[in-house]
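First the structure, in the form of structure tokens, and then the observations on it.
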Amino acid sequence: MSGERKLAGKLVLPGEPVDDEVQAEKPFVVEEGGVKRATVIGLVREGEGGKKSFVRLKGVYVPKPGDIVIGLISGVGVMNWFVDINSPYTAVLNVQDFLGRPYNPAYDDMSLLLRIGDYVKAKVVAFERTRNPLLTVQDKGLGRITGGVVVEISPTKVPRVIGRKRSMISMIEEKTGCKLFVAVNGRVHVECPNRDLEVVAVMAIKYIEREAHTSGLTERVMRLIEEEKSIREVR
């Protein structure tokens, strides 16, 4: 694919000033001596109504209660699982929460419920920086992921994969026939009608991650999908 690529906003380097009207989260933008300055590399982008926001280009996922995440089972404890949530913090999922009832070691085998390497869709219910984030799967649509594939991206690129008003993700789903769930911690669950379309959808997601800082991205991703579908002779 070819074509001119332009930044989708004004590039701001760490230490550079950011206009007062720009919406930004701490600690990515802080105020020093009455001047707002960026602490990480990012873009100042203009959205609907002329509102400007600061979008960091690099960073890690920091859990917040209420976040829906895709976690990878990384270890098994006595009464819980340790879960990699693509963050500096390892989360915990209790076996009683997973079962939705009291755990009985006499007939409940944790190794048969979840194994290391399994993915789960879960909600962060509690997090303090001095303790591990606590997860729950007791809500609609949560639990062990049993089909499709999980793609990992930088958490900072999640808004670009989703798009404004879900424009990007809706386009990918329409063009591929796949279902996508984009978790805030930078993991995407992809379920497709067949393997070829799955490959195309994954390629599109990784392309967005690489080109997230550029404009005209939706049109280029659409062309990529059509080209790859043509090569693979799939609809």
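The values are calculated or read from the model by the stated rules, or taken from the named source; none is laboratory data. Just so we're clear, the structure is a prediction, and the values are computed from it rather than from any experiment. Note that each Cβ is placed from the backbone with ideal geometry, even for glycine, and that neighbours are counted across all protein chains shown.
What to note about this one:
- Inter-residue pairs, beta-carbon under 7 Å, first without any contact (Cβ under 8 Å) to a residue 24 or more places away in the chain and in region 96-110, second exposed (fewer than 15 other Cβ atoms within 10 Å of the Cβ) and part of a loop (DSSP other than H, G, I, E, B), 6+ apart: Gln96/Pro102
- Subset of region 191-205 (residues that are within 22 Å of Arg220 (Cα to Cα) and over 12 Å from the mean Cα position of the chain (by Cα)): Cys192, Asp196, Leu197, Glu198, Val199, Val200, Ala201, Val202, Met203, Ala204
- Residues located in region 193-234, provided they are over 22 Å from Lys165 (Cα atoms) and either touching a Gly at 6+ places or on another chain (Cβ under 7 Å) or touching a residue at least 40 places away in the same chain (Cβ under 8 Å) (or both): Pro193, Asn194, Leu197, Glu198, Glu226, Glu227, Lys229, Val234
- Test: Ala38 is crowded, with 19+ Cβ neighbours inside 10 Å and small (Gly, Ala, Ser): yes
- Some residue of region 65-84 being in a strand (DSSP E or B), of a type in the set (A, V, I, L, M) and farther than 30 Å from Met110 by Cα: no
- The one condition in (1) within 21 Å of Asp118 (Cα to Cα); (2) in a helix (DSSP H, G or I); (3) not basic (Lys, Arg) that Val190 fails to fulfil: (2)
- Total residues in region 202-235 satisfying the condition of being modelled with pLDDT of 95 or more, in contact with a Ser or Thr (Cβ under 8 Å, 6 or more places away or on another chain) and within 18 Å of Ile70 (Cα to Cα): the figure is 0.
- Scanning region 47-64 for residues that are in a strand (DSSP E or B) and out of contact with any Ser or Thr (no Cβ under 9 Å at 6 or more places or on another chain) returns Lys52, Ser53, Phe54.
- Within region 134-144, the residues that satisfy the criterion of being on the phi < 0 side of the Ramachandran plot and surrounded by fewer than 19 Cβ atoms within 10 Å (Cβ to Cβ) are Thr136, Gln138, Asp139, Lys140, Leu142, Arg144.
- Within region 120-135, the presence of at least one residue that is over 22 Å from the mean Cα position of the chain (by Cα) and farther than 19 Å from Val158 by Cβ is confirmed.
- Considering residues of region 146-180 that are in contact with a Lys or Arg (Cβ under 6 Å, 6 or more places away or on another chain) and not in a helix (DSSP H, G or I) only, the residue modelled with the lowest pLDDT: Glu152
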